[in-house]
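The structure under discussion appears below in the form of structure tokens.
The values are calculated or read from the model by the stated rules, or taken from the named source; none is laboratory data. Keep in mind that what you see is a predicted model, and the values were worked out from it rather than measured. Heads up, the Cβs are rebuilt from the backbone with ideal geometry, glycines too, and the neighbour counts pull from every protein chain shown. Surface accessibility is based on the protein's heavy atoms, side chains included, excluding ligands, DNA and RNA. Shrake-Rupley method; radii C 1.70, N 1.55, O 1.52, S 1.80 Å.
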Amino acid sequence: MMKDLGARAFNYGYASPVLMVATYNDDGSVNVMNLHECTRTNAGHLALCIGKPKKTHENIEKRGAFTLTLATKEMMAEVDYMGTVSGYRVPDKFEKAGMKAVKSDLVDAPIIVGSKVVLECEVIEFVDIPNFNCIVARVVNLKADESVLGANSKIDTSKIGMIFYESFNNQYFSLGEKAGNAWVEGRKFM
């Protein structure tokens with residue numbers, strides 16, 4: 001039997017990958033935020049929902065670029081800190097977390113050292129939504145550490161150790177084992 005929990009129980013919704021959005025501040029220092037409101041569009045672009053009063057939003061508006069790191073279990077404490085502390089109140093939070101970055105050679109944004117998978121992105125447009133902007137971006141490049149590549153030179157998700165934010169209980173979890181093959185499992189009904 002199903003129990004009604006009310007609309008507010010949905011909170012941020014289903015579990016989603018935790019991303020670290022990296023940008024440069026005006027002085028060239030690195031700012032990073034923890035984000036889980038991001039999706040891929042049918043056009044292959046990304047759509048990120050970032051609050052207008054966020055330091056990351058300001059930086060993206062000024063630079064027109066950012067990087068997205070798939071957060072991993074090894075980075076969990078740093079990731080959580082980046083989502084807890086404001087870049088306005090603690091402008092050196094990246095350094096306080098002991099993190100390092102290198103400049104992307106394709107976009108005006110930093111790449112977090114130790115990242116296993118990074119998307120380098122350029123802004124296409126800002127879509128105004130009350131309290132937020134939906135930032136639509138083009139993926140310029142995908143970088144992956146060789147440690148997460150499979151024999152076919154494609155990313156092997158099981159090697160990343162990526163974490164997801166589960167909003168029903170405010171917790172992080174990682175992927176389990178493979179459950180099946182997309183566009184294959186349903187063929188039994190064809």
Listed residues 172, 24 arranged by accessible area, highest first, probe 1.4 Å: 172, 24
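Below 12 angstrom from the Cβ of residue 78, what's the summed charge of the other residues (Lys, Arg +1; Asp, Glu -1)? The partial results should precede the final answer.
Working: positive: 73, 93, 96, 100; negative: 74, 80, 95.
Around residue 78, the surrounding residues sum to +1.
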Per residue, how many Å² of accessible area does the chain show with a 1.4 Å probe? 60 Å²
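Contour minus end-to-end for residue 131 and residue 92, with contour as 0.36 nm per residue of separation and end-to-end as the Cα-Cα distance? Write out the running numbers ahead of the final one.
Values: separation 39, 0.36 × 39 = 14.04 nm, distance 2.55 nm.
Value of the extension gain: 11.5 nm.
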Roughly how much of residue 127 is accessible, in Å² to the nearest 10, using a 1.4 Å probe? 60 Å²
Determine the order of 89, 8, 187 by accessible area, beginning with the largest, at a probe radius of 1.4 Å. 8, 89, 187
Rounded to a whole number, what % of the accessible area of the stretch 39-163 do carbon and sulfur atoms account for, probe 1.4 Å? 52 percent
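When the solvent-accessible surface of protein heavy atoms is calculated with a 1.4 angstrom probe, in what order do 159, 116 fall, highest first? The partial results should precede the final answer.
Details: 159 90, 116 45 Å².
Most to least solvent-accessible, the answer reads 159, 116.
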So what's the back-of-envelope 222 nm ellipticity for the chain, counting only DSSP H runs of four-plus at -39500 (n - 2.57) apiece and dividing by all residues, rounded to 500? -3000 deg cm²/dmol
